[in-house]
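Below: one structure, written as structure tokens.
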Amino acid sequence: MSIWLYSAMLDPRIKFRHLQCFLEIARQGGISRAADALAITQPAASKALRELEDILAIRLFERSRKGIRLTRFGEVFLRHASASVMAIREGMESVAAARDRGGGVVTVGVLPNVGARLMPRALRLFKTSALETIVRVTTGSNAQLLDDLKRGGLDFVVARLVDPAEMIGLSFEHLYSEPLTLVVRMGHPLCGRTPFDLTAIERYPISLPLAGTVIRGDIDRFLIANGIRLPPDRVETISITFGRAHVLSGDAVWAVPRGGVMGDIAAGLLAELPIDRTPLEGSIGLAMRSDMPPSPLVAMLISTIREVAGEIREEG
């Protein structure tokens, strides 16, 4: 942190409301939306931002007809303001939890497939040593979770490895590899076909990950490499709950991370199509902020996740 920024952050004129308003404007991309999110008036939000910019003697946002965006100084200030607000929020929550229950709070972001396989086992083990700790689990796409992590809304994320450009300010630790797979309901016309012709899936509806996600790019490349054209009847989702209901209720083929459906495969509800999943392997790991060491409780949960991930690697 520069001497200027360090001095600015220590300025007693900067209040929590200034930082909270600044972060919400950056998150929402506009003063009006930020005011609505904070349940304050737009003039109050504008005043808080103006006061903060006056104190710092810099412009934090550039205004245009299309809205506002962070300046270079605003980008720098965002990282440190996020860390400060998150530390205050965690401190308040931990004190309240310690007062009321003797525990603390950990906030984790997980991909839907990770939420189905890794996290339930990790949390059961974690709770044997930290029963009264509140663990808040948020699911979403890779991009959503990593953005929330950068802004200070999460302690860490269990995510899929993405391009280095998207990991600026974050560290990534590999836990295990997980492939995408193609599944159908048990009894589907494609079940048990020998030899299996992958192009046959063109005749059925298909359920795909959302466009723009890491796993959608993986499955698109796989289908193109195998000469598969996407059928017109398709839906897009990253919801394991919806995807499961959709594929069980008809003849759709579902492209999904394997960890999200292993239970249904083992139970005989879903069947995997016999494809080579090697090109669909992806790295699942821990994403953390490089500038913020984990608290003792967060470190304890991370250690538990590493232990369970080791078991998953052995299971294959």
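Filtering segment 166-201 to residues that are assigned to a loop (DSSP other than H, G, I, E, B), of a type in the set (A, V, I, L, M) and under 21 Å from the mean Cα position of the chain (by Cα) leaves only Ile168. For Phe73, the stated conditions hold: it is over 12 Å from Ala26 (Cβ atoms), under 29 Å from the mean Cα position of the chain (by Cα), not charged (D, E, K, R) and not assigned by TED's automatic domain parsing to the domain that holds Gly152. On inspection, Thr304 passes the criterion of being within 16 Å of Thr107 (Cβ to Cβ) and touching a residue at least 60 places away in the same chain (Cβ under 8 Å). Quickly run through segment 248-276 and pick out the residues that are under 20 Å from Pro195 (Cβ atoms) and either of a type in the set (Val, Ile, Thr) or not assigned by TED's automatic domain parsing to the domain that holds Val235 (or both). Across segment 248-276, the qualifying residues are Val253, Ile275. Does any residue in segment 158-186 that is in the same structural domain as His246 (by TED's automatic domain parsing) come within less than 6 Å, Cβ to Cβ, of a residue that is in a strand (DSSP E or B) and among the aromatic types (Phe, Trp, Tyr) six or more places away or on a different chain, and which pairs are these? Close Cβ pairs (under 6 Å, with a partner that is in a strand (DSSP E or B) and among the aromatic types (Phe, Trp, Tyr)) amount to Val183/Trp254. Taken together, the residues in segment 202-247 that are of a type in the set (Ser, Thr, Tyr), assigned to a loop (DSSP other than H, G, I, E, B) and out of contact with any Ser or Thr (no Cβ under 8 Å at 6 or more places or on another chain) amount to 2. Only one residue in Leu161, Leu198, Leu182, Leu170 is surrounded by 13 or more Cβ atoms within 10 Å (Cβ to Cβ), of a type outside the set (S, T, N, Q) and touching a Leu at 6+ places or on another chain (Cβ under 6 Å), so which one is that? Testing whether each residue is surrounded by 13 or more Cβ atoms within 10 Å (Cβ to Cβ), of a type outside the set (S, T, N, Q) and touching a Leu at 6+ places or on another chain (Cβ under 6 Å) leaves just Leu182.
Please verify whether Leu145 is assigned to a loop (DSSP other than H, G, I, E, B) and out of contact with any helix residue (DSSP H, G or I) (no Cβ under 9 Å at 6 or more places or on another chain), treating the condition exactly as stated.
On the way: assigned to a loop (DSSP other than H, G, I, E, B): no; out of contact with any helix residue (DSSP H, G or I) (no Cβ under 9 Å at 6 or more places or on another chain): yes.
Criteria not met by Leu145.
One residue alone among Arg59, Arg101 is at pLDDT below 85 and more than 17 Å from Asp147 (Cβ to Cβ), and that residue is Arg101.
Please enumerate the residues belonging to segment 237-250 that are surrounded by 15 or more Cβ atoms within 10 Å (Cβ to Cβ) and of a type outside the set (Lys, Arg). Talk me through it step by step, then tell me what you get.
Initial filter on segment 237-250 (surrounded by 15 or more Cβ atoms within 10 Å (Cβ to Cβ)): 237-238, 240, 243-244, 246-248.
Answer for segment 237-250, where residues must be surrounded by 15 or more Cβ atoms within 10 Å (Cβ to Cβ) and of a type outside the set (Lys, Arg): Thr237, Ile238, Ile240, Gly243, His246, Val247, Leu248.
Filter segment 11-26 down to the residues that are buried (at least 17 other Cβ atoms within 10 Å of the Cβ) and in a helix (DSSP H, G or I) and list them by number. Break it down into steps so the answer makes sense when it comes.
First pass over segment 11-26, keeping only residues buried (at least 17 other Cβ atoms within 10 Å of the Cβ): 14, 18-26.
If the condition is that a residue be buried (at least 17 other Cβ atoms within 10 Å of the Cβ) and in a helix (DSSP H, G or I), then His18, Leu19, Gln20, Cys21, Phe22, Leu23, Glu24, Ile25, Ala26 are the ones that fit.
Of these, Gly74, Gly152, which one is over 25 Å from Arg244 (Cα atoms) and assigned to a loop (DSSP other than H, G, I, E, B)?
On the way: Gly74 fails: assigned to a loop (DSSP other than H, G, I, E, B).
Being over 25 Å from Arg244 (Cα atoms) and assigned to a loop (DSSP other than H, G, I, E, B) holds for just one of Gly74, Gly152, which is Gly152.
In segment 206-214, is there at least one residue being surrounded by fewer than 18 Cβ atoms within 10 Å (Cβ to Cβ) and of a type in the set (Ser, Thr, Tyr)? There is no residue in segment 206-214 that is surrounded by fewer than 18 Cβ atoms within 10 Å (Cβ to Cβ) and of a type in the set (Ser, Thr, Tyr).
The values are calculated or read from the model by the stated rules, or taken from the named source; none is laboratory data. These figures come from a predicted structure and were not determined experimentally. As a convention, Cβ positions derive from the backbone with ideal geometry for all residues, glycine included, and neighbour counts pool all protein chains shown.
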